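**Student:** There's a structure below that I have some questions on.
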Amino acid sequence: MKKIEKNKGLSKIDYGGVFDKVADLIEQARQRVAITINQEMVLLYWNIGKTIKEEIIKSDRAEYGKQIVHSLSGELTLRYGKGYSVQNLWYMIKLYETYPILQSLLGEFKGLSWTHIINLLPIKDDLKRKFYAILCEKEHWSTRTLQERISSMLYERTALSKLPEKTIEMQLKELKEKDKMTPELVFRDPYVLDFLELSDTYSEKDLEGAILNALEKFILELGKDFYFVARQKRITLDNIDYYMDLVFYHRKLRCFVVIDLKLDKFRAEYKGQMELYLRYLEKYEMDKDENPPVGLILCAEKGKEQIELLFLPKDRINVSEYLTKLPPKELFEKKLHKAILTAQISLKEGKEE
């Protein structure tokens, strides 16, 4: 049998390079096809919702509308198969009601699947829905991840949610159009660390060890673009050793992020300790094209009065609580909404002064 020889004009390196380029072309084409299919499906469902709303449910008789939708679902399912259940038709109607202007719909949900959109539609607050839609697109969340983010009230836990509406709109617009990430979008309060499964009594070492053992889940809670750098990073100043609990790097912020773990309530001296870490990194380890490092002090409790008196620079040092056990959802929701309202009132009073 005659042996088939490979093309001698291509070395192994050249061949590998050609393969990678062709593979990239295929992957890019697949992504474009998937986006096109999603957009066409969303367009179809929007038009179906519009037609049902305008042609059938324009009557004030709610029961009549329900009967029509039920009958229509049966007929469509018989002819076209799955995808036209009663529930799905109501989602299509909801899609049209929420986005009566088609272009605003296509702009907000670009690249998202119908299952993503179904999870976003029940969110009544426009800015909150936009927040999840943009992050879902930017960070390539699965439907399950999106559901988890909504359930854990990610939006309410960001510093962004506590800002004035116009500021939120501006930051979301810059994130979508310019891929610009800000500390308000990155840092959260509180952080939910229930996946660590800690016992009722634990030390800082136990907390740190649990985080490292569940590092992947911890990074998911922190958010995308965090990269682990070091644990207990030692620095020596004036012959005294200091240890940074955890050091990460954030790709979009282009800076180091130092995380200091505390089991107790926030204390004023924690600020000086964090400032020392940040200035050391800025002087000895920060590259010219990077931004100054940022600190995150994770405490069991924040200590609001001390934080207010210390005038912590929000762009440099963040203080957040962490929860090792998630409280009942209603209580958690009430607490977060209260925190948002308090922060917005404080910002308003600050401007009036």
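The values are calculated or read from the model by the stated rules, or taken from the named source; none is laboratory data. Treat the numbers as computed from the prediction; the structure is a model and nothing was measured. Here the Cβ positions follow ideal geometry from the backbone for every residue, glycine too, while neighbour counts run over all protein chains shown.
**Student:** Quick check on this structure: which one of D194, D264, D225 is within 30 Å of E333 (Cα to Cα), of a type in the set (D, E, K, R) and more than 27 Å from the chain's Cα centre (by Cα)?
**Tutor:** D264
**Student:** Please work out if R61 is more than 12 Å from L89 (Cβ to Cβ), over 36 Å from the mean Cα position of the chain (by Cα) and modelled with pLDDT of 80 or more.
**Tutor:** Taking the combined requirement at face value, the residue does not satisfy it.
**Student:** Next question, about the same structure. Just to be sure I understand, how many residues within the range 293-309 are closer than 21 Å to L207 by Cα and of a type in the set (D, E, K, R)?
**Tutor:** Going through the range 293-309 one residue at a time, the tally reaches 2.
**Student:** I've got another one for you. Would you point out which residue out of L102, L135 is aliphatic (A, V, I, L, M) and in the same structural domain as K50 (by TED's automatic domain parsing)?
**Tutor:** Exactly one residue qualifies, and that residue is L102.
**Student:** Further, regarding this structure: So in the range 264-312, with the set limited to residues that are among the basic types (K, R) and assigned to a helix (DSSP H, G or I), which one is modelled with the lowest pLDDT?
**Tutor:** Per the criteria, the residue is K304.
**Student:** Take the residues of the range 64-111 that are among the small types (G, A, S) and within 21 Å of I37 (Cα to Cα): which is modelled with the highest pLDDT?
**Tutor:** So, considering only residues that are among the small types (G, A, S) and within 21 Å of I37 (Cα to Cα), the one modelled with the highest pLDDT is S85.
**Student:** Taking interchain pairs and intrachain pairs at least six residues apart, which have beta carbon atoms under 9 angstrom, with the first residue in the range 154-182 and in the same structural domain as L220 (by TED's automatic domain parsing) and the second of a type in the set (V, I, T) and part of a helix (DSSP H, G or I)?
**Tutor:** none
**Student:** Then there's this: Please go through (1) in contact with an Asp or Glu (Cβ under 6 Å, 6 or more places away or on another chain); (2) over 28 Å from A343 (Cα atoms) for A159 and return the number of the only condition it doesn't satisfy.
**Tutor:** So A159 meets the others, but not (2).
**Student:** While we're looking at this one, here's another question. Can you tell me which residues in the range 313-334 are more than 20 Å from K262 (Cβ to Cβ) and either in contact with a Cys (Cβ under 8 Å, 6 or more places away or on another chain) or outside any loop (DSSP other than H, G, I, E, B) (or both)?
**Tutor:** Hits for the range 313-334 are K329, E330, L331, F332, E333, K334.
**Student:** Give just the number: which of (1) under 13 Å from the mean Cα position of the chain (by Cα); (2) at pLDDT 90 or above; (3) not β-branched (V, I, T) does K173 not satisfy?
**Tutor:** (1)
**Student:** Among (1) closer than 16 Å to D189 by Cα; (2) outside any helix (DSSP H, G or I); (3) at pLDDT below 90, which single condition is K224 missing?
**Tutor:** Failed condition: (1).
**Student:** Can you tell me which residue in the range 179-205 is nearest to K162 (Cα to Cα), limited to those that are assigned to a helix (DSSP H, G or I) and not β-branched (V, I, T)?
**Tutor:** Applying the filter and picking the extreme gives E184.
**Student:** Quick one: S161 ticks every box in (1) touching a helix residue (DSSP H, G or I) at 6+ places or on another chain (Cβ under 7 Å); (2) not in a helix (DSSP H, G or I) except a single one, so which number is it?
**Tutor:** (2)
**Student:** Oh, and also: Mind checking which helices (runs of 4 or more DSSP H) fall wholly inside the range 53-158 and carry at least 2 residues that are of a type in the set (G, A, S)?
**Tutor:** 62-80, 102-108
**Student:** Now a separate question. Please go through the range 258-307 and pick out each residue that is of a type in the set (F, W, Y) and farther than 15 Å from E321 by Cα.
**Tutor:** The answer is Y277, Y280, Y284.
**Student:** In the range 67-96, how many residues are of a type in the set (D, E, K, R) and surrounded by 13 or more Cβ atoms within 10 Å (Cβ to Cβ)?
**Tutor:** Number satisfying all stated conditions: 1.
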